[in-house]
Amino acid sequence: MGTIIVGAGGHGRVVLDIFRQAHNVNPVGFIDANPALHGKFIDGVEVIGGAADIAALTAAGVDSALVAIGDNATRNIYAQALQANGIRLVNAIHPKACVADTARLGRNVVIAAGAVVCAHCRIGDSSIINTASIVDHESIIGRSAHVCPGARLAGRVTVEDFAFIGIGATVIQCLTIGRGSTVGAGAVVLRDVSAFTTVVGVPARVIRESAEALVPSAHAAKIRIA
Ligand SMILES: CC(C)(COP(=O)(O)OP(=O)(O)OC[C@H]1O[C@@H](n2cnc3c(N)ncnc32)[C@H](O)[C@@H]1OP(=O)(O)O)[C@@H](O)C(=O)NCCC(=O)NCCS
């Protein structure tokens with residue numbers, strides 16, 4: 001039995017390293033939408049094919065996967081498509097991450113090296129808690145969100161589905177970062193951020209607001225697994 005990593009880019013390499021350091025998953029190949037990568041080896045692991053090849057791989061003994069795609073919406077779409085095809089989604093938890101016993105993690109979650117997930121946090125399916133980031137006590141991270149390297153969330157912060165907390169950003173306690181919103185690199189967030197809004201700076205200010213919701217189903221049709 002083996003596990004595939006969906007996405008052979010930078011995040012895929014990070015996930016492969018976590019699996020190797022954690023010694024708890026057997027990564028047998030990458031899957032990537034870019035045909036130019038097929039047949040190539042990344043850190044000794046072959047890019048076996050694209051999403052259309054996954055059904056054949058399951059017949060050959062692949063039973064699980066982790067979707068290692070940086071884009072939040074795309075990662076969620078692949079994760080749901082894999083699950084719908086009976087493929088188990090696994091987590092990648094770096095052995096040098098610190099995850100509280102009382103924290104609860106969904107599926108297809110990545111907790112990278114040096115990240116700290118404190119007491120009573122909840123991390124939703126397909127979310128990334130990236131290198132050396134901090135998610136402090138009782139914070140709630142929704143589905144397919146990304147807390148980038150070095151970002152810091154104080155206690156009781158809520159990060160809604162598909163939100164992106166940029167590298168080195170800080171969010172003070174008890175705030176809500178809305179669905180699909182973006183917090184720029186290095187921002188210091190002192191107020192709630194509305195859905196589909198981009199904030200930057202210290203203190204964080206709004207630079208963009210969008211009424212446009214993410215529409216995963218529009219992308220889902222492009223992913224053919226079986
Ligand atoms: C916030 C962000 C998404 C905005 O990107 P964008 O939509 O392309 O915005 P632009 O580059 O057009 O910048 C718009 C304005 O915001 C400013 N700005 C953008 N990002 C900023 C940031 N992080 N901090 C302060 N100001 C920022 C720009 O200087 C520009 O100001 P101006 O209009 O006065 O010239 C991007 O700059 C950012 O910070 N991304 C995070 C990247 C990251 O964390 N990567 C880690 C991956 S693991």
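The values are calculated or read from the model by the stated rules, or taken from the named source; none is laboratory data. Predicted model, so just to flag it, every value in this text is computed and none were measured. Neighbour counts are summed over all protein chains in view; Cβ atoms, including those assigned to glycine, are modelled from backbone coordinates with ideal geometry. Side chains are part of the model used for accessible areas, which takes the heavy atoms of the whole protein and leaves out ligands, DNA and RNA. Shrake-Rupley method; radii C 1.70, N 1.55, O 1.52, S 1.80 Å.
Leaving ligands, DNA and RNA out of it, report the carbon-plus-sulfur percent of the accessible area of segment 84-189 at a 1.4 Å probe. Don't skip to the end; give the middle numbers.
On the way: 2080 of 3950 Å².
Here carbon and sulfur together make up 53 percent of the probe-accessible area.
Distance in nm between label sites at Gln173 and Ile207, each 7 Å beyond Cα in the beta-carbon direction?
Label-label distance for Gln173 and Ile207, simple model: 3.0 nm.
So how much slack lies between Ala84 and Ala22, counting 0.36 nm per residue of separation and subtracting their Cα-Cα distance, in nm?
Numbers: separation 62, 0.36 × 62 = 22.32 nm, distance 2.71 nm.
Gain on stretching Ala84 to Ala22: 19.6 nm.
Tell me, in nm to one decimal, what length is gained between Met1 and Asp63 on full extension, where the rule is 0.36 nm per residue of separation less the Cα-Cα distance?
Numbers: separation 62, 0.36 × 62 = 22.32 nm, distance 0.61 nm.
Going from the current span to full extension adds 21.7 nm.
Could you give the alpha-carbon Rg of segment 33-83 over 2.2 N^0.38 Å, rounded to two decimals? Write down the numbers at each step before the final one.
On the way: Rg = 11.5 Å, N = 51, 2.2 N^0.38 = 9.8 Å.
Cα Rg divided by the expected 2.2 N^0.38 Å: 1.18.
Express the Stokes-Einstein translational diffusion coefficient of the chain in µm² s⁻¹, to the nearest whole number, given a Kirkwood radius over alpha-carbon pairs, 20 °C and a viscosity of 1.002 mPa s. Write out the running numbers ahead of the final one.
Working: Rh = 17.6 Å.
Taking Rh from Cα pairs, D becomes 122 µm²/s.
Measure nothing fancy, just the Cα-based angle from helix 10-22's long axis to the longest principal axis of the chain, in degrees from 0 to 90, nearest 10.
Helix 10-22 sits at roughly 80 degrees to that axis.
Quick check: the angle from helix 72-84's long axis to the longest principal axis of the chain, C-alpha only, nearest 10 degrees?
Once rounded, the angle reads 40 degrees.
For segment 74-124 and segment 1-48, write down the distance between their C-alpha centroids in whole Å.
Segment 74-124 and segment 1-48 have Cα centres spaced 17 Å from each other.
Which of rounded, prolate, oblate describes segment 93-208, given a ≥ b ≥ c as roots of the alpha-carbon gyration tensor eigenvalues and a/c under 1.5 marking rounded, otherwise prolate only if a/b is larger than b/c?
Details: a/c = 1.72, a/b = 1.60, b/c = 1.08.
It is prolate, given that a/c is not under 1.5 and a/b is the larger ratio.
Once fully extended, how much extra length lies between Ala55 and His120, figured as 0.36 nm per residue of separation less the alpha-carbon to alpha-carbon distance? It would help to have the intermediate numbers written out before the result.
Numbers: separation 65, 0.36 × 65 = 23.40 nm, distance 3.73 nm.
Fully extending the segment from Ala55 to His120 adds 19.7 nm.
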